[in-house]
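Novice: Supplied in structure tokens, the structure appears directly below.
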């Protein structure tokens, strides 16, 4: 989302750190993934096979593994119980690490991990709020109508809450991934560090998104007070 300078003025400058972090996070995740996508696992196991073994080890039946539609589009769909991998046939450390991370989400879902349950419940409200927040806020500014300004801020606050709830969910999934890979001995101990590096780089993108959302909320609060 973008805002015009007349309404937000110098407060736009507070977004610069978040923009810089977001740019760095995108570069870091792509460069780290590309580097370890060229490093083959010593066990020569594919990402799909690793995911299947980890799911079996966690006693998770009925979780399907499918091809994702784009690179780095790996994700777990809790509604359909489908784990989608962008490189299921790859034997690289990067692909295996990311696959294990998505298995971590499947384990969270099966174990009713509270932050994941809360985030899932917030999704519809956060999606609706993120779409309405700016229109409500701007109409309120133009009309000098405080209830609309407040409604826009509240709506955006829910979207910010979603990004903050995402952080513990993602970090916990990575922790579970590393533990499961180590326990199942699907990667060598000397490769665990590489897996952690890949997952940390991916986690930075969520940190950047949370920082951006939080600073945008600060900007809305600042602009609302000035008006």
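Novice: Which of rounded, prolate or oblate describes region 18-93 when judged by the alpha-carbon gyration tensor and an a/c cut-off of 1.5?
Specialist: Judged from the Cα gyration tensor, region 18-93 comes out oblate (a/c at least 1.5, b/c at or above a/b).
Novice: Same structure again: So for 149, 14, 45, fewest C-beta neighbours within 10 Å to most, what's the order?
Specialist: Fewest-to-most Cβ neighbours within 10 Å comes out as 14, 45, 149.
Novice: Run lengths n ≥ 4 of DSSP H only: what is the helix-derived mean residue ellipticity at 222 nm for the chain, with -39500 (n - 2.57) per run over all residues, to the nearest 500?
Specialist: Mean residue ellipticity at 222 nm (helix-derived): -25000 deg cm²/dmol.
Novice: Which ordering of 69, 92, 222, 31 is given by a fewest-first count of other beta-carbon atoms within 10 Å?
Specialist: Numbers: 69 8, 92 21, 222 16, 31 11.
The most exposed by this proxy come first: 69, 31, 222, 92.
Novice: Let me ask you something else. Students often get this wrong, so try it: which of (i) 1.17; (ii) 0.93; (iii) 1.01 is Cα Rg over 2.2 N^0.38 Å as calculated from the structure shown?
Specialist: The listed entry that was calculated here is (i).
Novice: Additional query: For each of 195, 178, 187, 158, count neighbouring Cβ atoms within 10 Å of the residue's Cβ, then give the residues from fewest to most.
Specialist: Values: 195 25, 178 19, 187 22, 158 16.
Listed from fewest to most nearby Cβ atoms, that is 158, 178, 187, 195.
Novice: On C-alpha positions alone, give me the angle between the axis of helix 146-184 and the longest principal axis of the chain, in degrees, nearest 10.
Specialist: Relative to the chain, helix 146-184 is tipped by roughly 10 degrees.
Novice: Taking square-rooted eigenvalues a ≥ b ≥ c of the alpha carbon gyration tensor, is region 122-180 rounded, prolate or oblate, where a/c under 1.5 means rounded and, failing that, a/b exceeding b/c means prolate?
Specialist: Cα axes put region 122-180 in the prolate bin.
Novice: For a test of the definition: using alpha carbon positions, the gyration tensor, and the 1.5 limit on a/c, classify region 13-142 as rounded, prolate or oblate.
Specialist: Oblate shape, in that a/c is at least 1.5 and b/c is the bigger or equal ratio.
Novice: Calculate how steeply helix 114-143 sits against the longest principal axis of the alpha-carbon atoms of the chain, using the helix alpha-carbon long axis, and give the answer as 0 to 90 degrees to the nearest 10.
Specialist: 30 degrees
Novice: How much length is gained if the chain between residue 20 and residue 39 is pulled fully straight, taking 0.36 nm per residue apart and subtracting their Cα-Cα distance, in nm to one decimal? Don't jump to the answer; show the numbers that get you there.
Specialist: Numbers: separation 19, 0.36 × 19 = 6.84 nm, distance 2.90 nm.
Length gained between residue 20 and residue 39: 3.9 nm.
Novice: Working from Cα positions, state the angle (0 to 90°, nearest 10) between the long axis of helix 16-37 and the longest principal axis of the chain.
Specialist: 10 degrees
Novice: Continuing with this model, one more query. To one decimal place, what orientation-averaged projected area in nm² is obtained for the convex hull of the Cα set of region 63-129?
Specialist: Over all viewing directions, region 63-129 projects a mean Cα-hull area of 5.1 nm².
Taken together, the values in this text are just the output of simple stated rules run on the coordinates, not laboratory data. Everything quoted here is computed from the prediction, not taken from an experiment. Ideal geometry is used to build each Cβ from the backbone, glycine not excepted, and the neighbour counts take in all protein chains shown.
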